[in-house]
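Input: a single structure, listed below in structure tokens.
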Amino acid sequence: MISESKRIRVTTSGKGTYEVTNALETMVRESGVQSGTLTVFVRHTSASLIVMENADPSARRDLEEYFDRLVPENEPYFTHIYEGADDMPSHIRMALTSVSQVIPIVDGRLALGTWQGVFLFEHRRAPHQRELALNVMGL
């Protein structure tokens, strides 16, 4: 049984989706695991992880626009605004998505579909350094 863990940093330039699939694939390849799982966890409360289409960027833009309308900023009922108008909305957007993903490893590769990628979904307007905790486990 192989179990390897590491952390990687993702630099964001503000709201949006940032593909991390290549970094995840590299870790799996370097681990030598042929059959198992990769667990990815984002260590923040205002960013999340999604599996989304990676071929057409307009699909991700539509998702981002949808979340902007679903959880708008500057709502008078938000009281948690210590870091600005996007503070509470970013926490809600994170809660509506996910902070972790578990992806099967089959034949030494992530078992993602043809058009699937893994993305950090940044919910804050300002640039951030985000940290992902990764764990590969298997044979």
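Readers should treat all values here as calculations from the given coordinates under stated rules, not as data from a laboratory. Since this is a predicted model, take the numbers as computed values, not measurements. When we count neighbours, we look across all protein chains shown, and the Cβ atoms used for this are built from the backbone with ideal geometry, even at glycine.
The table for this structure:
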item: ³J(HN,Hα), Karplus 6.51/-1.76/1.60, whole Hz, each residue of segment 78-84, x for Gly, Pro; result: 7, 9, 8, 10, 4, 9, x
item: In segment 40-77, trypsin sites (Lys or Arg not before Pro) in a DSSP loop with at most 16 other beta-carbon atoms within 10 Å; result: R43
item: Distribution of pairwise C-alpha distances over segment 2-138, 10 Å bins, in %; result: 12, 41, 31, 13, 3, 0
item: Spatial separation of Cα centroids for segment 1-37 and segment 63-139, in angstrom; result: 15 Å
item: Exposure proxy order (Cβ contacts within 10 Å, fewest to most) of Y18, Y77, Y66; result: Y77, Y66, Y18
item: Top positive-direction residue, dipole computed over segment 1-48 with Cβ charges, set V40, S13, V28; result: S13
item: Helix 57-70 vs. the chain, principal-axis angle (Cα, 0 to 90°, nearest 10); result: 40 degrees
item: Degrees, to the nearest 10: 87-96 long Cα axis against longest axis of the chain; result: 40 degrees
item: Dipole magnitude of segment 20-139 about its Cα centre (Cβ charges: Lys, Arg +1; Asp, Glu -1), debye to nearest 20; result: 300 debye
item: Positive-end extreme of charge dipole, segment 2-138 - chosen from S3, H91, F78 (charges on Cβ); result: S3
item: Angle between the chain longest axis and helix 21-31 axis [Cα atoms, degrees, rounded to 10]; result: 30 degrees
item: Extension gain from Q129 to T79, taking 0.36 nm per residue of separation minus the Cα-Cα distance; result: 15.5 nm
item: Normalised contact order of segment 2-138, rounded percent, pairs of Cα under 8 Å and 6 or more residues apart; result: 55 percent
item: Residues whose placed amide H lies under 5 Å from that of N54, excluding near-sequence neighbours; result: Q116, G117
